[in-house]
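Presented below is the structure to which this report refers.
The values are calculated or read from the model by the stated rules, or taken from the named source; none is laboratory data. Source: prediction; values computed, not measured. Cβ sites come from the backbone with ideal geometry, for glycine too, and all protein chains shown count toward neighbours.
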Amino acid sequence: MPRPIVARISIAALANNLGVARSMGGSARVWAVAKASAYGHGMAAAVSGFSQADGLALLDYDSARLARELGWTRPILMLEGPFEPDDLVTASALDLSLVVHDRSQLVWFADHRGSPLEVWLKVNSGMNRLGVSPADVAELHGRLSALPGVARVSLMTHFADADLPDGPKPARLRFDAATQGLSGDRSLANSAAVGLHAETHADWVRPGIMLYGASPFDDRSAASLGLRPAMSFETRLIAVQHLNRGDTVGYGSTFTASGPMRIGVVACGYGDGYPRRAPSTTPVIVDGVRTNLIGRVSMDMLTVDLAPVPSAAIGSSVQLWGPMLAVDEVARHCGTIGYELLCAVAARVPRFVQD
Ligand SMILES: *Cc1c(COP(=O)(O)O)cnc(C)c1O
């Protein structure tokens, strides 16, 4: 018997969410962002679930190779660009489009002898992470465009504050000014901007989190946006304990029973990617009924109160997040965002990709 933990990935949910992003994005083409192994969902699920996307946006070259092996034939954009000159050889071989975010990368393109590469020149519009200075955009666009190793130059930027009503406006204005009159497609919008800022949609949108059925907003649920959770993180009860008043649970004895109670021991811990910092109030679904965590999460197990589910027993089904419990709600209890929980699901958790 394998350990009962599994992450079930719904292709139908991924496809539904892509459809939502596409209709919100208007006429823009869609880069389906699938970095971090498709936000923890796995490349195989991304390649089938996003078959109607115009391209995949990734950042590690092994994932790009895997996507090609899995049959992805449309464009692939490498969001952090080349890390070393050899990556241009890989990009030619796998037909990858590359971000250029720093002028030091130009010499690699000047020396490039493989098939000409599609380039996305990334502008630092104020986030101060990746991107060339707005003042340098026209010069670098011109120099890249003139290189035989470069097929075409497009333009992109990334927003720091797209989840706020006027958040991306200063960045958008800086980007527009820096790129005015230059040839090439434009791409600016992540999920939050797809949902909130139509003026940023341009030629290509770049939704990530929304495609997996989590919300890019603090104050709007994924369900209210028409998104469906693509991951159901499931396991089972592997033991039941009966406590008396004064008994404690788990490492550090952080939970003390105030009276007789039944608790369930769940086969999932921080070694599976469940956050250790989840407090005792964090919801967990047992046999379809909402209850909550008690005591500390350990590496391979966590414990739940069985008072709301008297019929629960060894073998009862457990959902940590998924269709019955939004990952965003679990994340809120843990002081983080759905992105982090999804990406953290450990490699030891098998992914079952289903329709
Ligand atoms: C991750 C990423 C995205 C997608 O962001 P979401 O908030 O998940 O929609 C888009 N563009 C870039 C450059 C990214 O790194």
**Study point:** Residues located in segment 97-109, provided they are more than 15 Å from the ligand (Cβ to nearest atom), aliphatic (A, V, I, L, M) and surrounded by 14 or more Cβ atoms within 10 Å (Cβ to Cβ)
**Key:** Leu106
Practice item. Could you run through segment 242-288 and say how many residues are surrounded by 18 or more Cβ atoms within 10 Å (Cβ to Cβ), outside any strand (DSSP E or B) and aromatic (Phe, Trp, Tyr)? Key: 2
Practice item. Kindly check whether there is at least one residue in segment 117-126 that is at pLDDT 95 or above and farther than 26 Å from Leu211 by Cα. Key: yes
Review point. What about Ile238, is it under 28 Å from the mean Cα position of the chain (by Cα) and among the β-branched types (Val, Ile, Thr)?
Key: no
Exercise for review: Could you please let me know if Asp300 is under 30 Å from Gly19 (Cβ atoms), of a type in the set (D, E, K, R), more than 18 Å from the chain's Cα centre (by Cα) and not in a strand (DSSP E or B)?
Suggested key: no
Point to revise | Residue satisfying all of: in segment 192-206; touching a residue at least 40 places away in the same chain (Cβ under 8 Å) and under 19 Å from Asn124 (Cα atoms); nearest to the ligand (Cβ to nearest atom) among these | key: Arg206
Check your understanding: How about segment 71-97: which of its residues are assigned to a loop (DSSP other than H, G, I, E, B), over 20 Å from Gly208 (Cα atoms) and among the hydrophobic types (A, V, I, L, M, F, W, C)?
Key -> Phe83
Exercise for review: Please go through segment 71-90 and pick out each residue that is within 15 Å of the ligand (Cβ to nearest atom) and touching a Lys or Arg at 6+ places or on another chain (Cβ under 8 Å).
Suggested key: Ile76, Leu79, Gly81
Revision key, fill the gap. Just one listed residue, out of Asp161, Asp166, is within 16 Å of the ligand (Cβ to nearest atom), modelled with pLDDT under 95 and over 20 Å from Val30 (Cα atoms), and it is Asp161
